[in-house]
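The values are calculated or read from the model by the stated rules, or taken from the named source; none is laboratory data. Quick caveat, the model's predicted, so the values are computed rather than measured. Cβ coordinates were reconstructed from backbone atoms using ideal geometry, including for glycine residues, and neighbour counts include every protein chain displayed. The area values use the complete protein model at the heavy-atom level, side chains included, leaving out ligands, DNA and RNA. Shrake-Rupley method; radii C 1.70, N 1.55, O 1.52, S 1.80 Å.
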Amino acid sequence: MEPLQLNDVSVTYPDGDSEVRAVDHVSLTVAAGELVAITGASGSGKSTLLAVAGALQRPTSGSVTINGASVDDLAAKQRTELRRTEIGFIFQQSNLISSLNALEQVEIVSHLRGKRSTAARQRAEELLDAVGLSVAVGRRPHQLSGGQRQRVAIARALINSPAVLLVDEPTSALDSVSGGAVLDLISRLTRLNGTSTVLVTHDMRQTSGIDRMLVMSDGSLEPTSKIGIIESQVFT
Ligand code: ADP
Ligand code: MG
């Protein structure tokens, strides 16, 4: 069974007398080590889809399975535990804690914490090394660039070795050079850690390392031709 499976998921929000269908009968399966990119207009339902995939939000209908466990059947406490151990989130803002240095940001969310675990520290150091920040482990957020802060957020998302990595527009606050580096890193770490990764991005300059590209449109998820996007980039 693949780590992430969405089966006929819909999400509706009340909107006055009627309703908004933010996600409309979406099915999606992501294999281990696979990077699926989703693009689409603002308001098309991308963030809602990620929230449902990450057990932050229940779908109105349909089902979500993470690492073989149906999320729909879980009580709130079990969902929280599942999120902590099996899901890594990376958002547009890195949401770091201003008083902690880079190493502490990553270490503090480790499930190995508690007994001042040297294993947690070692894993945090390895991850910061993997995102190219070993020289900056002692720096606090205000001493890091936007791209570096996002790389800390990537390391933090991976500390518990999640099966599923969900990434929502990670480069929208970055310049193109650091944005490209962040996308490249997400692609490399997806392979290295074997996560099932869903990446929502407007940034289609860098298509290498992406296995599948999908477009969200009015709540529906449609395949797109990767070639078409590359060509339109070349010719515009
Ligand atoms: P995207 O991430 O693609 O911009 P969203 O998932 O944020 O799209 O939103 C999809 C649609 O659902 C939009 O019409 C938005 O206004 C609506 N929506 C999102 N969240 C809520 C909410 N909590 N309550 C009501 N409507 C919402
Ligand atoms: Mg969004």
Could you list, in sequence order, the residues of the range 163-192 that are under 15 Å from the mean Cα position of the chain (by Cα), in contact (Cβ under 8 Å) with a residue 60 or more places away in the chain, open to solvent by 10 Å² or more (accessible area, probe 1.4 Å) and within 25 Å of His111 (Cβ to Cβ)?
-> Ala163, Asp168, Arg191
Mind listing whichever residues of the range 115-141 are assigned to a loop (DSSP other than H, G, I, E, B), on the phi < 0 side of the Ramachandran plot and loosely packed, with under 13 Cβ neighbours inside 10 Å?
-> Lys115, Gly138
In this structure, does Val106 turn out to be away from ligand 2 (no atom under 16 Å from the Cβ), among the aliphatic types (A, V, I, L, M), crowded, with 20+ Cβ neighbours inside 10 Å and in a helix (DSSP H, G or I)?
-> yes
Examine the range 75-87 for a residue that is assigned to a loop (DSSP other than H, G, I, E, B), more than 18 Å from Thr197 (Cβ to Cβ) and more than 16 Å from ligand 2 (Cβ to nearest atom), and state whether such a residue exists.
-> yes
Answer with yes or no whether Asp15 is surrounded by fewer than 15 Cβ atoms within 10 Å (Cβ to Cβ), modelled with pLDDT under 95 and away from ligand 2 (no atom under 16 Å from the Cβ).
-> yes
If you take the residues in the range 42-61 that are at positive phi and open to solvent by less than 40 Å² (accessible area, probe 1.4 Å), which one is nearest to ligand 1 (Cβ to nearest atom)?
-> Gly45
